[in-house]
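Here's the structure we're looking at; comments come further down.
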Amino acid sequence: MDAGPVSFAEQLLAEQGKIVRQRDNALLCLARDGQVGQEHLCRMVQADQLCLETETVAYAILLARFPSGLAADLFAGLNAALRSVKPSLDRCARALSSPPASALDASVDSNAFAFPRAVSWMCLHAGPAAAALALRSDFAAYARESGELLRTLISSGVEVPEEIRDHYSSPAPAELLDLAAAVVREEVVREGDTSGHAASVASMLLAGLDGFWRFAAGERAPSAVAAVPRSQQG
């Protein structure tokens with residue numbers, strides 16, 4: 001077996017792990033400054049519901065594209081894991097009286113759609129190694145940053161509903177992260193791919209996660225619709 005792809009796969013995983021550990025986000029910055037209130041939590045839950053709807057479809061598409069082997073186990077497992085947390089997220093929405101995801105408008109809430117756009121592109125175009133690396137990075141980053149946000153809010157004396165505490169204190173699914181790493185190793189070696197494409201897909205998905213946090217923090221992004229001259233719109 002060629003040692004090149006083997007070493008490259010381990011390098012990919014190590015570099016993504018370092019990126020995840022060093023990440024920060026807009027909502028965490030606000031929380032450290034004592035500026036996060038119930039409206040921010042409402043926005044976070046609302047955007048999370050949109051992401052959940054998109055991701056369950058995306059992982060089903062990835063499973064259809066790669067229906068066998070470790071990759072299939074990963075995408076099926078991720079789909080099942082997300083479906084299992086929907087009741088918990090719904091309880092968060094009820095506790096906060098958060099608007100439904102259907103109330104979001106891509107023309108004015110562009111940041112909320114950043115992650116759904118990224119994961120939608122990935123499920124249609126990424127290979128199994130790139131998708132596995134990206135999803136491993138995303139799940140690890142989301143869990144770490146959510147946990148840190150929760151700890152920051154509680155230590156600052158912010159009133160956080162029990163439903164939010166329960167939902168956002170969940171750790172990253174270790175078995176699925178390990179399975180994603182195994183898919184990266186297997187597929188990189190099988191394809192002999194040392195192009196760096198997988199890392200670029202992971203960066204794209206993490207950039208989408210940044211948009212999620214910016215929306216929760218109340219930051220507005222330029223409207224993709226408004227940027228197009230009216231004469232060129234539908």
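The values are calculated or read from the model by the stated rules, or taken from the named source; none is laboratory data. Bear in mind that the values here come from a model prediction, so they are computed numbers and not experimental data. Cβ placement follows ideal geometry from the backbone for every residue including glycine, while neighbour counts extend to all protein chains displayed. These accessible areas exclude ligands, DNA and RNA; they are computed on the full protein's heavy atoms, side chains included. Shrake-Rupley method; radii C 1.70, N 1.55, O 1.52, S 1.80 Å.
Observations
- Annotation note: Cβ proximity below 6 Å between a residue of the range 167-187 that is in a helix (DSSP H, G or I) and a residue that is of a type in the set (D, E, K, R) (sequence gap 6+ or interchain) occurs for LEU177/ARG136; ALA180/ARG136.
- Filter pass, PRO5 being over 19 Å from PRO161 (Cβ atoms) and at pLDDT below 95: yes
- The condition of being charged (D, E, K, R) and either over 14 Å from the mean Cα position of the chain (by Cα) or more than 30 Å from VAL108 (Cβ to Cβ) (or both) holds for only one of ASP210, ASP178, that being ASP178.
- Filtered residues of the range 28-49 (kept if under 15 Å from the mean Cα position of the chain (by Cα) and open to solvent by less than 20 Å² (accessible area, probe 1.4 Å)): MET44, VAL45, GLN46, ALA47, ASP48
- Evaluating ASP105 against the criteria (1) open to solvent by 20 Å² or more (accessible area, probe 1.4 Å); (2) without any contact (Cβ under 8 Å) to a residue 40 or more places away in the chain; (3) not in a loop (DSSP other than H, G, I, E, B) leaves one unmet condition, (3).
- Residue list for the range 193-205, restricted to those being open to solvent by 40 Å² or more (accessible area, probe 1.4 Å) and either modelled with pLDDT of 95 or more or not in a helix (DSSP H, G or I) (or both): ASP193, THR194, SER195, SER200, SER203, MET204
- In the range 1-27, residue least open to solvent (accessible area, probe 1.4 Å) [restricted to those that are farther than 24 Å from THR152 by Cβ and outside any helix (DSSP H, G or I)]: ASP2
- Boolean, ARG214 is assigned to a helix (DSSP H, G or I), within 30 Å of VAL36 (Cα to Cα) and at pLDDT 90 or above: yes
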